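Please treat every number below as a calculation from the coordinates, not as lab data. Predicted model, so just to flag it, every value in this text is computed and none were measured. Here Cβ is always computed from backbone atoms with ideal geometry, including for glycine, and neighbour counts include all displayed protein chains.
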Amino acid sequence: MNYTLTSIPEREAKPRDRGFTMAMDKGLSIREVEDFLEVAGEYVDIVKLGWATSYVTPNLQRKLDAYKAAGIPTYFGGTLFEAFIVRNQFDDYRRVLDKYNMTFAEVSDGSLDMPHDVKCEYIQQLTEQVTVLSEVGSKDAEKIIPPYMWIKLMQAELDAGAWKVIGEAREGGNVGLFRSTGEVRSGLVEEILTQIPFEKILWEAPQKAQQVWFIKLLGTNVNLGNIAPNEVIPLETIRLGLRGDTFSHFLDLEKPC
């Protein structure tokens with residue numbers, strides 16, 4: 001840090017298992033990646049190349065190499081996995097992971113109907129090759145999954161070998177964990193947390209208000225994802241109580257009762 005402030009919440013050091021910030025690259029150029037990493041690389045733990053953007057991204061290998069040189073792992077969005085699965089090309093997907101030396105992969109079923117035992121089989125198979133993040137929740141705003149089912153699905157996917165489970169929100173933060181307005185389904189989140197350890201969940205929270213809500217609920221070291229590159233540093237200030245939204249929160253925690 002550039003100077004000293006007292007009463008700053010303690011962040012887990014990288015490489016970390018909690019306090020993850022997952023940034024979403026929706027099509028940055030190589031120069032933009034370099035600029036992004038120069039400014040925010042210290043605060044990013046992993047980068048997702050959103051949905052199936054990697055299919056059409058020019059100079060894909062150069063982009064992946066730039067992230068790798070900065071010590072930041074990458075993975076392809078879950079929609080790409082689904083695009084291969086719906087075309088019966090799972091083996092081709094695995095070859096793509098090998099081709100680009102990917103060490104992480106996302107397994108999701110937000111855009112297609114897939115029996116859950118089949119999804120878990122894909123997770124099990126991919127864990128032999130990469131570290132798997134699995135996404136729970138639908139991209140269909142009309143499909144409401146009850147809390148007990150979120151818990152059941154998350155636990156089954158962790159049992160199948162997923163390293164972390166991702167709470168679906170999409171890029172806009174208006175489905176899955178959230179209402180169409182972006183408001184957090186607080187009862188859903190709190191019920192999930194009665195059964196699933198918070199460090200095992202990566203909450204997609206692209207909107208500032210959502211990030212603030214999770215940080216106030218679970219602390220500075222909550223795992224948050226789908227963060228826009230230009231929002232990584234603003235998010236870090238929220239985590240540290242250095243933005244108005246959480247300015248008093250961590251100070252209040254240190255006051256004697």
Q. What list do you get for L5, L37, L80 if you sort them by fewest beta carbons within 10 Å?
A. L5, L37, L80
**Q.** Per principal axis, descending, Cα span of segment 21-254 in whole Å
**A.** 53, 44, 29
Q.
Run lengths n ≥ 4 of DSSP H only: what is the helix-derived mean residue ellipticity at 222 nm for the chain, with -39500 (n - 2.57) per run over all residues, to the nearest 500?
A. -11000 deg cm²/dmol
**Q.** Loop sites in segment 174-214: GluC sites (Glu not before Pro), DSSP, at most 16 other Cβ within 10 Å
**A.** E183
Q | Backbone HN-Hα couplings from phi across segment 145-151 [Karplus 6.51/-1.76/1.60, Hz, Gly and Pro as x] | A | 9, x, x, 4, 6, 4, 4
Q. For segment 221-250, list residues with backbone N below 14 Å from a point placed 7 Å from the Cα of E42 toward its Cβ?
A. 233-234, 236-237, 240
**Q.** Hits among lysines - C-alpha to C-alpha of K68 under 26 Å, sequence gap 8 or more where chains match
**A.** K14, K26, K48, K99, K164, K200
